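The values are calculated or read from the model by the stated rules, or taken from the named source; none is laboratory data. Being a predicted model, the structure only gives us computed values, none of them experimental. All Cβ positions, even for glycine, are placed from backbone atoms using ideal geometry, and neighbour counts span all protein chains on display. For the accessible areas, the whole protein counts, side chains as well, though only heavy atoms, and no ligand, DNA or RNA atoms are used. Shrake-Rupley method; radii C 1.70, N 1.55, O 1.52, S 1.80 Å.
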Amino acid sequence: MGASEIRPLDGFAVGVTAARRADELTALLRRRGAQVQHAPALRIVPLADDEELLAATRALIDAAPDVVVATTAIGFRGWVAAADGWGVGDELLRTLGGARLLARGPKVRGAVRAAGLTEEWSPASESMAEVLQRLLDEGVRGTRIALQLHGEPLPGFIESLREAGAEVVDVPVYRWMPPADIGPVDRLIDTVVAGGLDTVTFTSAPAAASLLRRAGERDLKEPLLAAFRHRVLAACVGPVTALPLQAQDVPTRQPERFRLGPLVQLLCDELPARAQPLLVARRRLEIRGHAVVVDERLRPVPPAGMALLRVLARRPGWVVPRAELLRALPGAGRDEHAVETAMARLRTALGAPAMIQTVVKRGYRLALDPALDSAKYGE
């Protein structure tokens with residue numbers, strides 16, 4: 001594979017926790033070269049037959065709200081469809097049409113308009129925090145507000161409105177539930193803990209919370225958090241999604257625009273930037289998640305070889321003893337011959353055996369030439 005053919009995510013492994021639009025996100029990632037492991041961390045359960053939703057809908061029809069806040073497109077469409085099924089669809093639309101309708105973002109705005117309604121305002125940031133601030137700035141005392149929920153309560157949103165004097169009616173259009181098959185989630189957790197993923201993407205706060213909860217049930221929460229804190233990038237579609245992770249002191253990254261496309265672009269920028277290039281035996285070496293780029297050519301490397309290469313690259317040019325390299329090999333036991341075997345395969349995968357030097361009776365080293373490195377890159 002030549003330089004022009006190397007895609008930004010070639011050599012990187014990405015975990016996807018999304019339940020909705022997972023196929024779209026996976027396609028975007030694979031198109032840019034990523035290996036993808038999909039494990040939906042939750043499932044959406046519509047509440048078309050739910051007594052709680054029916055009761056909230058009738059309550060709003062009987063006592064119309066002054067303001068309606070629509071938070072998700074799928075939720076708003078599901079609400080209208082459920083009302084149609086109950087025979088009160090027209091009444092609900094008339095009720096919503098008589099209120100000030102706020103839509104959290106463009107997708108919700110599209111769902112509102114598809115129902116024949118018109119929103120009064122939608123925040124450019126798509127942030128519920130901005131929606132809340134606008135309502136508080138305008139004053140909500142004595143106001144009846146209908147809030148279509150995300151699937152679980154919005155932290156601080158309802159409380160702030162009620163403290164400011166508003167009456168808030170929750171509209172629980174759907175709920176987040178654990179996935180029907182927990183196996184993929186368990187495998188994702190195991191892969192993260194073992195260092196097999198470079199990043200995990202999150203597109204909803206409930207998905208992040210669900211993953212952490214499942215790790216806790218398996219006594220793997222602390223190893224999972226350690227992986228996110230030190231080597232695995234937690235990439236979130238927006239700040240609300242990041243909250244469960246940030247509450248556990250996990251650093252997160254999110255794009256400026258809360259969309260799948262910008263999320264993927266964030267990874268295309270972040271992951272290659274983490275692979276600092278080295279000049280080794282007069283060749284440019286870039287170590288990615290499960291592959292390397294040698295002189296602008298992508299070369300897959302077996303897991304054992306990647307483990308050795310990462311140890312060598314932590315101290316480029318320094319001799320690393322065989323015993324230390326042996327500890328880095330997964331399941332190698334105590335036989336240092338395993339290091340020699342893995343090292344031979346690594347040299348073959350690199351296509352340039354001279355990049356790794358054997359230091360007799362001591363160990364191995366990357367054949368780094370700092371002077372040549374500075375001369376080539378002008379440092």
Within the stretch 64-108, residues in contact with a Lys or Arg (Cβ under 7 Å, 6 or more places away or on another chain) and surrounded by fewer than 16 Cβ atoms within 10 Å (Cβ to Cβ) come out as 66
Within the stretch 331-351, residues hydrophobic (A, V, I, L, M, F, W, C) and in a helix (DSSP H, G or I) come out as 338, 339, 342, 343, 344, 346, 349, 350
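Look through the stretch 348-379, keep the residues that are out of contact with any Asp or Glu (no Cβ under 8 Å at 6 or more places or on another chain) and of a type in the set (D, E, K, R), and return whichever of them is modelled with the highest pLDDT. Break it down stepwise before answering.
The initial filter retains those residues of the stretch 348-379 that are out of contact with any Asp or Glu (no Cβ under 8 Å at 6 or more places or on another chain), namely 348-362, 364-372, 374-378.
Those still in the list that are of a type in the set (D, E, K, R) too: 361-362, 365, 369, 376.
Values: 361: 85, 362: 89, 365: 93, 369: 65, 376: 41.
Going through the qualifying residues, I end up with 365.
Just to be sure, is residue 276 at pLDDT 95 or above, open to solvent by 30 Å² or more (accessible area, probe 1.4 Å) and either under 15 Å from the mean Cα position of the chain (by Cα) or within 20 Å of residue 11 (Cα to Cα) (or both)?
no
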**Message:** When you check residue 301 against the structure, is it within 26 Å of the chain's Cα centre (by Cα), open to solvent by less than 30 Å² (accessible area, probe 1.4 Å) and not basic (Lys, Arg), yes or no?
**Reply:** yes
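Specify which of the listed residues (112, 108) is in a helix (DSSP H, G or I), at pLDDT 95 or above, touching a strand residue (DSSP E or B) at 6+ places or on another chain (Cβ under 8 Å) and not aromatic (Phe, Trp, Tyr). Before you say what the answer is, go through the steps one by one.
Working: 108 fails: at pLDDT 95 or above.
So the residue among 112, 108 that is in a helix (DSSP H, G or I), at pLDDT 95 or above, touching a strand residue (DSSP E or B) at 6+ places or on another chain (Cβ under 8 Å) and not aromatic (Phe, Trp, Tyr) is 112.
Of a type outside the set (A, V, I, L, M, F, W, C), open to solvent by 70 Å² or more (accessible area, probe 1.4 Å) and at pLDDT 90 or above: is that true of residue 159 in this structure?
Numbers: of a type outside the set (A, V, I, L, M, F, W, C): yes; open to solvent by 70 Å² or more (accessible area, probe 1.4 Å): yes; at pLDDT 90 or above: no.
Judged against the criteria, residue 159 is not a match.
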Only one of 284, 299 is under 23 Å from residue 367 (Cβ atoms), in contact with a Gly (Cβ under 9 Å, 6 or more places away or on another chain) and modelled with pLDDT of 90 or more, namely 299
Going through (1) open to solvent by 30 Å² or more (accessible area, probe 1.4 Å); (2) in contact with a Phe, Trp or Tyr (Cβ under 8 Å, 6 or more places away or on another chain); (3) closer than 30 Å to residue 72 by Cβ one by one, residue 257 fails only at (2)
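How many residues, within the stretch 22-63, are part of a loop (DSSP other than H, G, I, E, B), open to solvent by 20 Å² or more (accessible area, probe 1.4 Å) and either under 30 Å from residue 195 (Cα atoms) or at pLDDT below 90 (or both)?
Restricting attention to the stretch 22-63, the residues satisfying the condition of being part of a loop (DSSP other than H, G, I, E, B) are 32-34, 39-42, 47-50, 63.
With open to solvent by 20 Å² or more (accessible area, probe 1.4 Å) added as a condition, the list becomes 32, 40, 48-50, 63.
From the residues that got through so far, the ones that are either under 30 Å from residue 195 (Cα atoms) or at pLDDT below 90 (or both) too are 32, 40, 48-50.
The number of residues fulfilling the criteria is 5.
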Taking the criterion of being at pLDDT 95 or above, under 21 Å from residue 36 (Cβ atoms) and surrounded by fewer than 16 Cβ atoms within 10 Å (Cβ to Cβ), would at least one residue in the stretch 211-226 satisfy it? no
Report yes if residue 9 is more than 19 Å from residue 188 (Cβ to Cβ) and either in contact with a Cys (Cβ under 8 Å, 6 or more places away or on another chain) or crowded, with 16+ Cβ neighbours inside 10 Å (or both), otherwise no. no
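Please specify each residue of the stretch 23-59 satisfying the condition of being aliphatic (A, V, I, L, M) and under 24 Å from residue 231 (Cβ atoms). Give the derivation first.
Here is the first cut: in the stretch 23-59, the ones aliphatic (A, V, I, L, M) are 25, 27-29, 34, 36, 39, 41-42, 44-45, 47-48, 53-56, 59.
Passing the criteria: 25, 28, 29, 34, 36, 39, 41.
May I ask you to say which residue of 240, 250, 192 is buried (at least 19 other Cβ atoms within 10 Å of the Cβ) and in contact with a Phe, Trp or Tyr (Cβ under 7 Å, 6 or more places away or on another chain)? Steps first, please.
Working: 240 fails: in contact with a Phe, Trp or Tyr (Cβ under 7 Å, 6 or more places away or on another chain); 192 fails: in contact with a Phe, Trp or Tyr (Cβ under 7 Å, 6 or more places away or on another chain).
Within the list 240, 250, 192, the selection yields 250.
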